[in-house]
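Let me begin by presenting the structure, written as structure tokens, before commenting on it.
The values are calculated or read from the model by the stated rules, or taken from the named source; none is laboratory data. Note that the coordinates shown come from a computational prediction; the quantities given were computed from them, not determined experimentally. Every residue, glycine among them, receives a Cβ derived from its backbone with ideal geometry; neighbour counts consider all protein chains shown. In case anyone asks, the SASA skips ligands and DNA or RNA and just uses the protein heavy atoms, side chains included. Shrake-Rupley method; radii C 1.70, N 1.55, O 1.52, S 1.80 Å.
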Amino acid sequence: MKKIKLIAMGGTISAHHTKRTDLRNYTSGHYTGEDLIREIPEMNEIAELHIEQLSNVSSTLIDTEHWLMLRDKIHHDLSDGNYDGIVITHGTNTLEETAYFLHLTVESDKPIVLTGAQRPFSAISSDAHLNLLNALKVAASDSSVGKGVLVVLNDQISCARDVSKTNTYRLETFNSGELGVLGYVDPDDSVQFYRMSVRKHTTSSEFAILPISDLPKVEIIYSYAGATGRTIRPLLDEERVDGIIVAGTGAGRCSEKEEVELIEAKKKGIQIVLGSRVMNGRVLPLERYKHLQASTSDNLPPHKARILLMLGLLKYRDNESIQTLFDMY
């Protein structure tokens, strides 16, 4: 029997409301990891479980300090050979960001699986129980080794790089767009993979062996019709930022007024990455913005491009090297 570490961090999967039909006004952090396991005894038939409560909050409160603490904890737990894999319970709002950070920074090929829930643990027809059970099945499966950090909800296995939350309340919220899921957890309890990511991650990532005690400051600005660029100016005048991700329109475009502010940002040594607010498709370099000396985000959504840029700025400050990262990761 595999030995799996369960790290509980809160979120809707830990939430409670006295009214079992209220799927909105619940309080996260009501149930601990121990509580979850007690209510799902079938988990003990799949693996030998060891539980640690690292936090117990809504994922809207998760920040980079949580990421660094979680990374250190995983390295400690997996490097000593005591565990065969990790399951992390996490709120769904920022689950994909935590997953992608770990995907880039954990030096292990052992399964690391994040899961959560769209409905509180106390609700009628909560998805919490089966999501957690399926996440454990994936973490205990030999076929999950070397696949990078995985996200398991709604019977689907997704790559941390590709997956995004796409619906506020529906159970089928996590979606990998045009690329699709990696596989499924089927009713016969089997874990079935059909593809794997070819982009660098975990043991092939240069950031996995990098000591990280703090992260550069990267902000995201959102472009729209008639954008004034006023959201960029405070970043130049009042705060020191190392990078700006542009959630651009279409194929990564911004307004002329935003462009003026981005030119000023570049003069101050701030790294610019042009991304898109569109869910699917790559952002490619355009002659129109060549003078910005900006990198482009490939098909990463802005909030994941931010993570890769934060890590990239730990090692590089030139556009060519930053662009190479977005082409490889």
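Can A128 be described as under 18 Å from V181 (Cβ atoms), in contact (Cβ under 8 Å) with a residue 60 or more places away in the chain and assigned by the TED database to the domain that holds M43?
no
Could you list, in sequence order, all residues of region 165-183 that are open to solvent by 70 Å² or more (accessible area, probe 1.4 Å) and among the hydroxyl-bearing types (S, T, Y)?
Within region 165-183, T168, Y169 qualify.
Scanning region 184-200 for residues that are within 22 Å of P301 (Cα to Cα) and free of Cβ contacts under 8 Å to residues at least 60 places away in the same chain, which turns out surrounded by the most Cβ atoms within 10 Å (Cβ to Cβ)?
Among those that are within 22 Å of P301 (Cα to Cα) and free of Cβ contacts under 8 Å to residues at least 60 places away in the same chain, it is S197.
Yes or no, residue by residue, for (1) over 22 Å from T105 (Cβ atoms); (2) small (G, A, S); (3) without any contact (Cβ under 8 Å) to a residue 40 or more places away in the chain:
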residue	(1), (2), (3)
P234	yes, no, yes
R240	yes, no, yes
T249	yes, no, yes
E259	yes, no, yes
Y289	yes, no, yes
Q293	yes, no, yes
S297	no, yes, no
K304	no, no, no
E320	yes, no, yes
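Give the residues of region 287-315 that are open to solvent by less than 60 Å² (accessible area, probe 1.4 Å) and part of a loop (DSSP other than H, G, I, E, B), sorted by residue number.
A294, S297, N299, L300, P301, L313 - these are the residues of region 287-315 that are open to solvent by less than 60 Å² (accessible area, probe 1.4 Å) and part of a loop (DSSP other than H, G, I, E, B).
Being hydroxyl-bearing (S, T, Y), touching a strand residue (DSSP E or B) at 6+ places or on another chain (Cβ under 9 Å) and open to solvent by less than 10 Å² (accessible area, probe 1.4 Å) is the filter here, so list the residues in region 94-114 that pass it.
Matches in region 94-114: T98, Y100.
Looking at region 73-82, can you tell me whether even one residue there is among the basic types (K, R) and either farther than 22 Å from S213 by Cβ or in contact with a helix residue (DSSP H, G or I) (Cβ under 8 Å, 6 or more places away or on another chain) (or both)?
no
Give the residue, chosen from G91, G33, that is within 13 Å of the chain's Cα centre (by Cα) and open to solvent by less than 10 Å² (accessible area, probe 1.4 Å).
Being within 13 Å of the chain's Cα centre (by Cα) and open to solvent by less than 10 Å² (accessible area, probe 1.4 Å) holds for just one of G91, G33, which is G91.
Output the number of the condition that Q53 fails; it satisfies all remaining conditions of (1) open to solvent by less than 50 Å² (accessible area, probe 1.4 Å); (2) farther than 26 Å from V191 by Cβ; (3) in contact with a Gly (Cβ under 6 Å, 6 or more places away or on another chain).
Here Q53 meets the rest and fails (1).
Limited to region 252-277, what total is found for residues that are over 19 Å from L309 (Cβ atoms) and either surrounded by fewer than 13 Cβ atoms within 10 Å (Cβ to Cβ) or not charged (D, E, K, R) (or both)?
Residues that pass the stated criteria total 3.
Just one of (1) closer than 28 Å to D214 by Cβ; (2) open to solvent by 50 Å² or more (accessible area, probe 1.4 Å); (3) not aromatic (F, W, Y) trips up I7, so point out which.
Evaluating I7 over (1) closer than 28 Å to D214 by Cβ; (2) open to solvent by 50 Å² or more (accessible area, probe 1.4 Å); (3) not aromatic (F, W, Y) leaves (2) as the failure.
Hey, any hits in region 218-237 for a residue that's open to solvent by less than 30 Å² (accessible area, probe 1.4 Å), assigned to a loop (DSSP other than H, G, I, E, B) and among the polar types (S, T, N, Q)?
yes
Please specify each residue of region 205-217 satisfying the condition of being closer than 24 Å to D298 by Cα and surrounded by 14 or more Cβ atoms within 10 Å (Cβ to Cβ).
Answer for region 205-217, where residues must be closer than 24 Å to D298 by Cα and surrounded by 14 or more Cβ atoms within 10 Å (Cβ to Cβ): S205, E206, F207, A208, L215, P216, K217.
Quick one: how many residues across region 159-216 are basic (K, R) and over 16 Å from the mean Cα position of the chain (by Cα)?
Residues meeting the conditions: 2.
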